[in-house]
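Visitor: Can you read through this structure? Questions will come right after.
The values are calculated or read from the model by the stated rules, or taken from the named source; none is laboratory data. No experiment lies behind these values; they were computed from the predicted model shown. Cβ placement follows ideal geometry from the backbone for every residue including glycine, while neighbour counts extend to all protein chains displayed.
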Amino acid sequence: MTSISVIGTGNMGSAISAVAVKGGAHVQVVARDTTKAQELAAQLGATSATFGDVLTGDIVVLALPYPALDEVVSTYGPRLDGKTVVDLTNPVDFATFDALTVPAHSSAADELQAKLPNAHVVKAFNTNFAATLASGTVGGEPTTVVIAGDDDSAKAELAAVITAAGLKAADAGSLKRARELEAVGFLQMVLAVREHVSWTGGFGVHA
């Protein structure tokens, strides 16, 4: 059985934890607020832990805002060696809401991989809103999670859980594609803020 640790109990963390449980994974919910972690774990039939505790998942999902990634690196660092680390952040400049904060040639996922050289960083879920992960649909189509990463086996293991939960997974290629995924995620957020799409909708992939 695939084991997944989800750090974060917000909308995205809760939705991804539910998807992982539905996909047959053993899920560990991790948060600073132990009570929130325990409550979500109890709802899902998962286990809980406090941020800083041992991560039991072979896959670790960082359901956190971009500025929190450095704390994950400083707290866990080498303990993430060999694990698949899923980054779902969109590094948006929220002061202007007009740009990404990473260099044009890079991405949040690339930066994270440089800081965790012995982990398998994968970009995923950043082009999905939590509501579409929870419902499993976007505009009448199954929700598609687009994945990018340099390790094919890491991507395949994550995709297997996603598809087992009834969603679709699309492999966008190497981690270099994270830049484009972050741009798409940012654009989707802009459209939602401007009320051109709803937070229960967003981009879909139609094959």
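Visitor: If the requirement is being at pLDDT below 95, surrounded by fewer than 18 Cβ atoms within 10 Å (Cβ to Cβ) and either within 17 Å of the chain's Cα centre (by Cα) or not β-branched (V, I, T) (or both), which of these qualifies: S198, S174?
Guide: S198
Visitor: Can you confirm whether region 46-67 contains a residue that is exposed (fewer than 15 other Cβ atoms within 10 Å of the Cβ) and in contact with a Leu (Cβ under 8 Å, 6 or more places away or on another chain)?
Guide: no
Visitor: Can you find, within region 177-195, the residue that is surrounded by the fewest Cβ atoms within 10 Å (Cβ to Cβ) among those that are among the charged types (D, E, K, R) and closer than 11 Å to K123 by Cβ? Steps first, answer last, please.
Guide: Residues of region 177-195 among the charged types (D, E, K, R): 177, 179-180, 182, 194-195.
Filter once more, keeping what is closer than 11 Å to K123 by Cβ: 177, 179-180, 182.
Working: R177: 18, R179: 21, E180: 16, E182: 27.
For region 177-195, the residue satisfying everything is E180.
Visitor: In region 183-203, what residues are in contact (Cβ under 8 Å) with a residue 12 or more places away in the chain, within 19 Å of T137 (Cα to Cα) and not in a loop (DSSP other than H, G, I, E, B)?
Guide: Of everything in region 183-203, those that are in contact (Cβ under 8 Å) with a residue 12 or more places away in the chain, within 19 Å of T137 (Cα to Cα) and not in a loop (DSSP other than H, G, I, E, B) turn out to be V184, G185, Q188, M189, A192.
Visitor: Would you check which residues across region 134-150 are in contact with a Ser or Thr (Cβ under 6 Å, 6 or more places away or on another chain) and either under 30 Å from D81 (Cα atoms) or buried (at least 19 other Cβ atoms within 10 Å of the Cβ) (or both) and list them?
Guide: V138, T143, V146, D150
Visitor: Of the numbered conditions (1) under 20 Å from P65 (Cβ atoms); (2) out of contact with any Phe, Trp or Tyr (no Cβ under 6 Å at 6 or more places or on another chain); (3) crowded, with 22+ Cβ neighbours inside 10 Å; (4) hydrophobic (A, V, I, L, M, F, W, C), F129 fails exactly one; give the number of that condition.
Guide: Among (1) under 20 Å from P65 (Cβ atoms); (2) out of contact with any Phe, Trp or Tyr (no Cβ under 6 Å at 6 or more places or on another chain); (3) crowded, with 22+ Cβ neighbours inside 10 Å; (4) hydrophobic (A, V, I, L, M, F, W, C), F129 violates only (2).
Visitor: Among the residues of region 62-111, write down those that are within 21 Å of D150 (Cα to Cα) and among the small types (G, A, S).
Guide: Of everything in region 62-111, those that are within 21 Å of D150 (Cα to Cα) and among the small types (G, A, S) turn out to be A63, G77, G82, A104, S106, S107, A108, A109.
Visitor: Checking the structure you have, find out if any residue of region 106-120 is in contact (Cβ under 8 Å) with a residue 24 or more places away in the chain and exposed (fewer than 15 other Cβ atoms within 10 Å of the Cβ).
Guide: Within region 106-120 (the criterion being in contact (Cβ under 8 Å) with a residue 24 or more places away in the chain and exposed (fewer than 15 other Cβ atoms within 10 Å of the Cβ)), the answer is yes, since at least one residue qualifies.
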